[in-house]
1. So how much slack lies between Asp74 and Met106, counting 0.36 nm per residue of separation and subtracting their Cα-Cα distance, in nm?
2. Working out 0.36 nm times the residue gap between Ala30 and Ser63, then minus their Cα-Cα distance, what length gain in nm do you get to one decimal?
3. If I stretch the segment between Lys141 and His40 completely, what's the gain in nm (0.36 nm per residue apart, minus their alpha carbon distance), one decimal?
4. Can you give the relative contact order of segment 19-163 as a percent, counting alpha carbon pairs under 8 Å and 6+ residues apart?
5. Can you count the Lys pairs in the chain whose Cα atoms are under 20 Å apart, with each pair 8 or more apart or on different chains?
6. GNM on the chain, C-alpha springs below 10 Å: top fluctuator among Met32, Met106, Met51?
7. Got a sec? Which residues in segment 13-42 would a label at Glu163 touch, if it sits 7 Å along Cα→Cβ and we count backbone N under 12 Å?
8. Is the C-alpha gyration tensor of segment 31-148 telling us rounded, prolate or oblate? Criteria: a/c under 1.5 is rounded; beyond that, a/b larger than b/c is prolate, otherwise oblate.
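Nothing in this text is a laboratory measurement; each read-out follows from the coordinates by a stated rule. Computed from a predicted structure; not experimentally measured. Every residue, glycine among them, receives a Cβ derived from its backbone with ideal geometry; neighbour counts consider all protein chains shown.
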Amino acid sequence: MRVAVIAALGAWLAAAPPALTPPVDRMKLADMHDSFAETHNGHAHEAIDIMAPRGTPVHAAVSGTIRKLFLSKDGGITIYQFDDAEARCYYYAHLDRYAAGLREGMRVKGGDVIAYVGFTGNANERAPHLHFAVYELGPTKQWWKGKALNPYDDLVRAVRQVEGR
Ligand SMILES: [Zn+2]
């Protein structure tokens, strides 16, 4: 009986997504609101914008692998990161620049500095921010087309954890 319970707990823990580290340095709850369901520039936003001055360090939200470094018209300088289980993809956009030495395939730990906040792509230069999205990866692990998940509640938990509340 106990073995079965432990095995079930082990399976649940393995499947549970990792808790987040705040992806923006010294982030506060007031730096974001739940903008997941908003329409931005004619598209479903499906992400959270975290306001911060240009140059603020961006941290890996979880441990995992830098899967793709990509420059896009709307997102500007971006990062796609997988978690260790390759269950989810974490997307960071409008970056000012990458951290020195960052490269595709690199392993990072949650909290590592991977980039700096900016306003590249279609962000307003008067409102630099991190556009942060989380996607559930399908079996083919295509980082450019996962199902968007709302990370707002996990971000709130992450900030409160750091603030000791
Ligand atoms: Zn955004």
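1. Details: separation 32, 0.36 × 32 = 11.52 nm, distance 2.47 nm.
Length gained between Asp74 and Met106: 9.1 nm.
2. Working: separation 33, 0.36 × 33 = 11.88 nm, distance 2.53 nm.
Gain on extension, Ala30 to Ser63, equals 9.3 nm.
3. Details: separation 101, 0.36 × 101 = 36.36 nm, distance 2.62 nm.
That pair, Lys141 and His40, stretches by 33.7 nm at full extension.
4. 29
5. Working: Lys68/Lys109; Lys68/Lys141; Lys68/Lys145; Lys68/Lys147; Lys73/Lys145.
Close lysine pairs under the 20 Å cut-off: 5.
6. Met106
7. From segment 13-42, the list is 27-32.
8. On the way: a/c = 1.70, a/b = 1.17, b/c = 1.45.
In terms of gyration-tensor shape, oblate.
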